[in-house]
């Protein structure tokens, strides 16, 4: 029996099956090749896994919902490149699980913020953004300066990431709690912000 356009439209079950089939095939065609492209699966030159302090800062970034207002994806448009720097490439996010691309920009993109401002600038900005940017609507995060970074589960987090392919060494994981000793969540968050986009910059100059 030959399927006709009219038959498909009248048979809801058949229509649903065909739609699912088309979406599945289309998705596979788009996604599967990415796993075999070296530019997608291999890190860019200079990219290193987050240190214990940076990884803790990343957790603070996620916990506080920074991704709701800040993206970490510079798109390949002239206006974005002129404002933020070189556009983002897949190899810069190999060790991000999950990535923090975001979907909204109430605040600026942060993917190239690493090294653009001093640690002290970030500290003042997090304590009260309006002290540095009067028109800012970003909330203040003063409690981060008095909250001790959690060193209890950092080893387990790094071990889990190691199983997922992040090249952490056993010795580095063992020393992770000591690396967080005496550190605050603000110091951790600043360390994370200061590393964003720096590997991409190094790779672009080679």
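Helix-derived [θ] at 222 nm for the chain: sum -39500 (n - 2.57) over DSSP H runs of at least 4, divide by residue count, nearest 500? Display every interim value, and only then the final one.
Numbers: 10 runs with 96 residues, N = 206.
When only DSSP H runs of four or more count, the value is -13500 deg cm²/dmol.
For helix 52-63, what angle does its Cα long axis make with the longest principal axis of the chain, in degrees from 0 to 90 and rounded to 10?
60 degrees
Order these peptides, 94-103, 176-185, by their mean beta-carbon neighbour count within 10 angstrom, highest first. Walk me through the intermediate numbers first.
On the way: 94-103: 14.5, 176-185: 16.3.
Those peptides, ordered most packed to least, come out 176-185, 94-103.
Alpha carbon centre of region 163-196 versus region 37-106: separation in Å?
Using only Cα atoms to place each centre, the spacing works out to 17 Å.
Once you order the gyration tensor axes a ≥ b ≥ c over the Cα atoms, which shape class does region 61-165 get: rounded for a/c under 1.5, otherwise prolate or oblate by comparing a/b with b/c?
oblate
When the chain is modelled as a GNM with alpha-carbon springs shorter than 10 Å, which of 161, 55, 189 fluctuates the most?
For the chain, modelled as a Gaussian network with Cα springs under 10 Å, the answer is 161.
For the ranges 66-74, 15-23, 117-125, what's the packing order if you count other beta-carbon atoms within 10 Å of each residue, average per peptide, and put the highest first?
Working: 66-74: 18.9, 15-23: 11.0, 117-125: 14.4.
Order by mean packing, descending: 66-74, 117-125, 15-23.
Points 7 angstrom from Cα along the Cβ direction at residue 130 and residue 159: gap in nanometres?
4.6 nm
Go through (1) 19.6, 73; (2) 21.8, 75; (3) 24.7, 75 and flag the label whose value is the computed Rg and Dmax of the Cα atoms in Å for this structure.
(2)
Between helix 12-31 and the chain, what is the angle of the helix's C-alpha long axis to the longest principal axis, kept within 0 to 90° and rounded to the nearest 10?
The two axes meet at around 50 degrees.
Using 0.36 nm per residue of separation minus the Cα-Cα distance, give me the extension gain between residue 143 and residue 12 in nm, one decimal. Mind dumping the intermediate values first?
Numbers: separation 131, 0.36 × 131 = 47.16 nm, distance 5.60 nm.
Going from the current span to full extension adds 41.6 nm.
What do you get for the angle between helix 170-179 and the principal long axis of the chain? Use alpha-carbon atoms, 0 to 90 degrees, nearest ten.
Compared with the principal axis, the helix lies near 50 degrees.
Read the figures in this text as sums done on the coordinates, not as results from a lab. Computed from a predicted structure; not experimentally measured. Cβ: placed from backbone, ideal geometry, glycine included. Neighbour counts: every protein chain shown.
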